[in-house]
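Down below is the structure, laid out as structure tokens.
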Amino acid sequence: MTGAEAGSQAGATAPDAEIRALLSSLDGQRRHVLGILEGLDDESLRQPVLPSGWTCLGLVQHLALDVERFWFRAVFMGDAEVIAAPAETDDAWQVAPTATAAEVLDRYRAETALADAVVTAAAAGAPLAWWPRAQFGEPHLHTLRDVLLHVITETACHAGHLDAARELLDGRTWLVLT
């Protein structure tokens, strides 16, 4: 069964314990991403704090488009529109000046909800429907489980980047034990 076939069985059964555990871990990282940004104004969200020039808002847009949308709806589900979308987006890290912070954060929330719908409708061992060989060579992820673990890792890594950025912006830290 391909990712697309697995996803088409939405609502057939409740997610198994492994999917629930992996989604719980991912959801914790997603909450971290949004939580560390709470209270920052639009200007701060758009301010580059590292020499590479990325912004907190750009990182969230990257998570929405290049992580949540790409890995779950393109790679796992094989959604042709989403597969074609990266060609339409020059650089997800660059937020259009006309896009509001609320729009970018809402897009992230919307993409996580769409991803959750895909994930909860499939089994952890379901195979991927498409692989981006031009970007990543031969497949090194093979199942929904692999994609979930990859996305958990990437989201956690970026949550840490946001921790550092927030501390540089205004000194706020997230769940630091003293």
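Of note:
- Shape of the stretch 10-112, Cα gyration tensor, a/c cut at 1.5: oblate
- Coordinate range along principal axes, alpha carbons of the stretch 35-84, Å, largest first: 36, 23, 14
- Applying 1/(1 + (r/R0)^6) with R0 = 25 Å to the Cβ-Cβ distance of Cys157 and Ala113 gives a FRET efficiency near 0.70.
- Where the chain is the region considered: accessible area per residue in Å², 1.4 Å probe: 51
- Shape of the stretch 66-140, Cα gyration tensor, a/c cut at 1.5: oblate
- Compared with the rule-of-thumb size 2.2 N^0.38 Å for a compact globular protein, the chain has a Cα radius of gyration ratio of 1.06.
- Take the Cα radius of gyration of the stretch 91-178 and divide it by 2.2 N^0.38 Å, N being the number of residues; the result is 1.38.
- Within the chain, helices built from complete DSSP H runs that reach 20 Å or longer along their own axis (Cα positions) and carry a mean Kyte-Doolittle hydropathy of -0.5 or higher are 17-37, 101-120, 144-170.
- For the stretch 78-178, the list of trypsin sites (Lys or Arg not before Pro) that fall in a loop by DSSP and count at most 15 other C-beta atoms within 10 angstrom reads Arg172.
- Carbon/sulfur fraction of accessible area - the chain, other protein chains in place, 1.4 Å, %: 55
- Alpha carbon centroid spacing (whole Å) that separates the stretch 85-116 from the stretch 13-60: 12
- Derived scalar couplings between HN and Hα for the stretch 55-65 equal 10, 4, 5, x, 5, 5, 5, 4, 4, 5, 8 Hz in order, rounded to whole Hz, by the Karplus curve 6.51 cos²θ - 1.76 cosθ + 1.60 (θ = phi - 60°), x for Gly and Pro.
- Modelled FRET efficiency - R0 41 Å, Leu168 with Phe136, Cβ distances, 0.05 increments: 0.85
- Amide proton proximity set for Gly78, modelled H, under 5 Å, gap of 5+: Ala129, Trp130
- Estimated [θ] at 222 nm from DSSP helical runs (n ≥ 4, -39500 (n - 2.57)) normalised by residues in the chain, nearest 500: -17000 deg cm²/dmol
The values are calculated or read from the model by the stated rules, or taken from the named source; none is laboratory data. As the structure is a prediction and not an experimental result, all values here were calculated from the model. Don't worry about glycine lacking a Cβ; one is built from the backbone with ideal geometry, like all the others, and counts go over all protein chains shown. Calculation scope for accessible area: heavy atoms of the full protein, side chains included, ligands and nucleic acids excluded. Shrake-Rupley method; radii C 1.70, N 1.55, O 1.52, S 1.80 Å.
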